[in-house]
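Trainee: Okay, handing you the structure first.
The values are calculated or read from the model by the stated rules, or taken from the named source; none is laboratory data. All values derive from a computational prediction rather than experimental measurement. Cβ placement follows ideal geometry from the backbone for every residue including glycine, while neighbour counts extend to all protein chains displayed.
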Amino acid sequence: MDNPNYKSGFVALIGRPNVGKSTLLNYIVGQKVAIMSGVAQTTRNKIQGIYTSKQAQIVFIDTPGVHKPANKLGNFMERSTMSALDDVDAVLFVVSATEQRGAGDDFIIKRLKKVQRPIYLVVNKIDQVSPNDLPGIVAQYQNSLPFKSVVPVSALQGNNVNGLIDQLVAGLPHGPQYYPADQISDHPERFVIAEMIREKIFMLTRDEVPHSVAVDVTSVKREDAEHVHISANIIVERPGQKGIIIGRRGQMLKKIGTMARHDIEHLLGDKVFLQLWVKVVPGWRDKSTLLKDYGYRDKDY
């Protein structure tokens, strides 16, 4: 990078489940890299979304929503969240304007007191509340940490997101462009494909299955210049969950596949043939070897 004034750095997003961290990340990078769902705990790995302009590059680390761990997967998710804060240039603490400050926020604030980096309070979902309510919402958090700035945004509509980026860039150190300008994530294609399939499962099955689901992409083969053949296993813990995902006469699985294929084709820019199977693996969330097989590796964090 020849520009001596170029800025770059790493920024972590942290917040309770469902405050809109993934929606914010996707809006900033302009393409879906983090799955979005109304179901808590949908983001399991630290997804890096990369924002690049002529003046700066920001590498965003989206952490899993903070919650009390109930199993090994939960423990992994919490370790992933907290380790993301140890080596970044700034932290975005994202809260929802539609929810009161709660125990999850207090837990995050306690951890952030140890962070020696600029912390921005991002109040998301301002499109869902009256502007008159905003001062009261901000007041719940304002004195809990020495925030560098308080930034109200609507990640869904994009309100003030550019203002947030401008503030981040202003505070970043001078540095190199780490990734090519057209790269939006450092995850391999298989990871992103699995996330897209998992998002559709969440979207379509809601509270019936979600936290017991993993997606293992077993094969990505390019058939020719324009066609990609993808095979993936949907992993559940109980036979009843398998029945829900397959659906009557296979209709649910077909719907999941059709919706996921559409997103994957947009990602790859090619026609995709997607084959999905559903496998029952009892207790996979508490088995370390299986967590590693399905992509949850401590060594990556």
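Trainee: Taking the stretch 212-249, which residues are outside any strand (DSSP E or B), among the small types (Gly, Ala, Ser) and either closer than 15 Å to Lys200 by Cβ or within 22 Å of the chain's Cα centre (by Cα) (or both)?
Mentor: Hits for the stretch 212-249 are Ser212, Gly247.
Trainee: Being buried (at least 22 other Cβ atoms within 10 Å of the Cβ), in contact with a strand residue (DSSP E or B) (Cβ under 8 Å, 6 or more places away or on another chain) and at pLDDT 80 or above is the filter here; which residues of the stretch 155-203 pass it?
Mentor: Selection gives Ala155, Leu168, Ile193, Ala194, Glu195, Ile197, Arg198, Ile201.
Trainee: Do we find that Leu168 is touching a residue at least 12 places away in the same chain (Cβ under 8 Å) and within 22 Å of Pro4 (Cα to Cα) in this structure?
Mentor: In short, yes.
Trainee: Also, I was wondering about something else. Is one or more of the residues making up the stretch 132-153 exposed (fewer than 15 other Cβ atoms within 10 Å of the Cβ), part of a loop (DSSP other than H, G, I, E, B) and charged (D, E, K, R)?
Mentor: Looking through the stretch 132-153, none of the residues is exposed (fewer than 15 other Cβ atoms within 10 Å of the Cβ), part of a loop (DSSP other than H, G, I, E, B) and charged (D, E, K, R).
Trainee: Six or more apart or on different chains, Cβ atoms under 6 Å: show the pairs whose first residue is in the stretch 89-100 and in the same structural domain as Leu24 (by TED's automatic domain parsing) and whose second is of a type in the set (Gly, Ala, Ser) and assigned to a strand (DSSP E or B).
Mentor: Listed by first residue and then by second, the contacts come to Asp89/Gly9; Val91/Ala12.
Trainee: I'd like to check something: does the stretch 146-155 contain any residue that is touching a residue at least 60 places away in the same chain (Cβ under 8 Å) and of a type in the set (Lys, Arg)?
Mentor: no
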